[in-house]
Amino acid sequence: FFTSFPSRKAEQAGILSAWVGTSLIMLVTAAITMPVGVAAAIYLEEYASRDRWYNRFIELNIQNLAAVPSIVFGILGLGLIVRGGLSLGPVAYAGALTLSLLVLPTVILAAREAIRAVPDSHRQASLAVGATKWQTIRHHVLPSAIPGIMTGTILAVARAIGETAPLLLVGATVFVTFNPDGLFAEGYTTLPVQIFNWVTRPQDEFRVLSAAGIVVLLAVLLLVNAAAIYIRNRWYKKRV
């Protein structure tokens, strides 16, 4: 099941290309989302002036985008990343960018809450001994906010793992019998897309395969959530 490619024969079908594609896209999504989300949160919490209209406009859009259905981000990815604008085509990198847009508002909100939870006394004490604002953020604010930032980022990526509709719109294929050659090669699939393909088949054998794929997906989500809890508790103990 784990070492075979999808097949039209249920007894020979597996999820090799699906879990390889899922791993590739999730790694790229996390690599894009975390630095951009944390940087945006630092700017909005530590540098942005609430009196500037464009800062208020950015905050309003971030809060609204966090509640937008995922299919809307799929349409955005199709129009901006796959066809117009970037014109990357239906490649794995386009899927990763689309999922990054999907989870970025959630990461920014979680990082802002974590940064906001750091007591102002930490900032004032650092500034009082001559540290610059960036040194204060780097050495005092961010280390204290890392548990919340990591937890929010991992949970956001876990949400992206189970998305199907945006990837179908930006080029994920429902039947792939090979592993993707790279981020910019056409022809990739993910575990939710593969499950969708099996569920639509009329044969009972494929329904059994789809149930097995759902169990694997649930196990991955549980592991990701457990990792978020472990990282949060570990960093909290180190700070205490």
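The values are calculated or read from the model by the stated rules, or taken from the named source; none is laboratory data. Values in this document were obtained by computation on a predicted structure and should not be read as measured data. As a convention, Cβ positions derive from the backbone with ideal geometry for all residues, glycine included, and neighbour counts pool all protein chains shown. What goes into the accessible areas is simple: the full protein's heavy atoms, side chains included, and nothing from ligands, DNA or RNA. Shrake-Rupley method; radii C 1.70, N 1.55, O 1.52, S 1.80 Å.
Gap in Å between the Cα centre of the stretch 154-212 and the Cα centre of the stretch 35-93?
After rounding, the separation between the Cα centres reads 25 Å.
So for the stretch 152-227, what are the equivalent ellipsoid semi-axes in whole Å, largest first, each being the square root of 5 times an eigenvalue of the Cα gyration tensor? Walk me through the numbers before you get to the answer.
Values: eigenvalues 89, 69, 22 Å².
Equivalent-ellipsoid dimensions as semi-axes: 21, 19, 10 Å.
With each run of n ≥ 4 DSSP H residues scored as -39500 (n - 2.57), what mean residue ellipticity at 222 nm is computed for the chain after dividing by its residue count and rounding to the nearest 500 deg cm²/dmol? Intermediate results must be reported in sequence, preceding the final value.
Working: 10 runs with 157 residues, N = 240.
Counting only the DSSP helices, I get -21500 deg cm²/dmol.
Who wins for biggest fluctuation among Ile71, Ile58, Ile15 in a Gaussian network model of the chain, springs between alpha carbons below 10 Å?
Answer for the Gaussian network model of the chain: Ile58.
Give me the net charge of Leu99's neighbourhood, meaning all other residues with Cβ under 13 Å from the Cβ of Leu99; Lys, Arg count +1, Asp, Glu -1.
Combined, the nearby Lys, Arg, Asp and Glu give 0.
Membrane-span-like helices in the chain: DSSP H runs reaching 20 Å or more (Cα, own axis), mean Kyte hydropathy at least -0.5?
Details: long enough: 16-42 (39 Å, 1.83); 92-116 (35 Å, 1.32); 142-161 (28 Å, 1.41); 204-239 (53 Å, 0.73).
Span-like helices, by this rule, are 16-42, 92-116, 142-161, 204-239.
Normalised by the number of residues in the chain, what is the relative contact order in percent for Cα pairs under 8 Å and 6+ residues apart?
On the way: 344 pairs, mean separation 64.7, N = 240.
Worked out over the chain, it gives 27 percent.
Once you treat every alpha carbon in the stretch 1-122 as an equal point and sum by Debye, what is log10 I(q)/I(0) at q = 0.21, 0.23 Å⁻¹?
With no solvent term, the Cα-only Debye profile gives -1.18, -1.26.
Leaving ligands, DNA and RNA out of it, rank Trp198, Trp19 by accessible area with a 1.4 Å probe, largest first. Present the calculation step by step, with values, prior to reporting the outcome.
Details: Trp198 5, Trp19 105 Å².
Accessible-area ranking of Trp198, Trp19, largest first: Trp19, Trp198.
Please report the base-10 log of the normalised intensity I(q)/I(0) for the stretch 81-240, using a Debye sum with one equal scatterer per alpha carbon and no solvent, at each q in 0.10, 0.19 (1/Å).
-0.54, -1.14
Quick check for me: using +1 on Lys/Arg Cβ and -1 on Asp/Glu Cβ, what's the dipole size of the stretch 54-190 about its Cα centre, in debye to the nearest 20? Let's see the in-between values first.
Values: 8 positive and 6 negative charges, 95 e Å.
It works out to roughly 460 debye.
Placing +1 on the Cβ of each Lys and Arg and -1 on the Cβ of each Asp and Glu in the chain, which of Leu104, Val176, Pro143 has its Cα farthest towards the positive end of the resulting dipole?
Projecting each Cα onto the dipole axis, the largest value belongs to Pro143.
Could you give the nm distance between label points at Arg159 and Asn64, where each point is 7 Å from its Cα heading toward the beta carbon?
Roughly 1.8 nm, to one decimal.
Rank these by accessible area, largest first, 1.4 Å probe: Met150, Met26. Display every interim value, and only then the final one.
Numbers: Met150 45, Met26 25 Å².
Sorted by accessible area, descending: Met150, Met26.
Comparing Ile32, Ile161, Ile149, which has the greatest mean-square fluctuation in the GNM of the chain with Cα pairs linked when under 10 Å apart?
Ile32
Expressed as a whole percentage, what fraction of the accessible surface of the chain belongs to carbon and sulfur atoms when a 1.4 Å probe is rolled over the protein heavy atoms? Please report the intermediate quantities before stating the final value.
On the way: 8080 of 12430 Å².
Of the solvent-accessible surface of the chain, carbon and sulfur hold 65 percent.
Relative to the compact-globule scaling 2.2 N^0.38 Å, provide the ratio for the alpha-carbon radius of gyration of the stretch 21-62. Present the calculation step by step, with values, prior to reporting the outcome.
Numbers: Rg = 13.9 Å, N = 42, 2.2 N^0.38 = 9.1 Å.
Its radius of gyration relative to the 2.2 N^0.38 Å reference: 1.53.
Net charge around Phe196, counting only other residues with Cβ within less than 15 Å of its Cβ (Lys, Arg = +1; Asp, Glu = -1)?
Details: positive: Arg201, Arg207; negative: Glu163.
Value of the local net charge: +1.
Counting pairs of alpha carbon atoms under 8 Å apart in space and at least six apart in sequence, what relative contact order in percent does the stretch 78-153 give? Kindly include the intermediate steps, with their values, before the conclusion.
Values: 53 pairs, mean separation 23.2, N = 76.
Over the stretch 78-153, the number comes to 31 percent.
Have a look at Gly84, Gly213, Gly74 and tell me which one the Gaussian network model of the chain (Cα, springs below 10 Å) gives the largest fluctuation.
Largest GNM mean-square fluctuation: Gly84.
How much net charge surrounds Ser70 when only the other residues with a Cβ under 15 Å from the Cβ of Ser70 are counted, with Lys and Arg +1 and Asp and Glu -1?
0
Considering only protein heavy atoms, what per residue accessible area in square angstrom results for the chain with a 1.4 angstrom probe? Write out the running numbers ahead of the final one.
Values: 12430 Å² over 240 residues.
Here the residues of the chain average 52 Å² of exposed surface.
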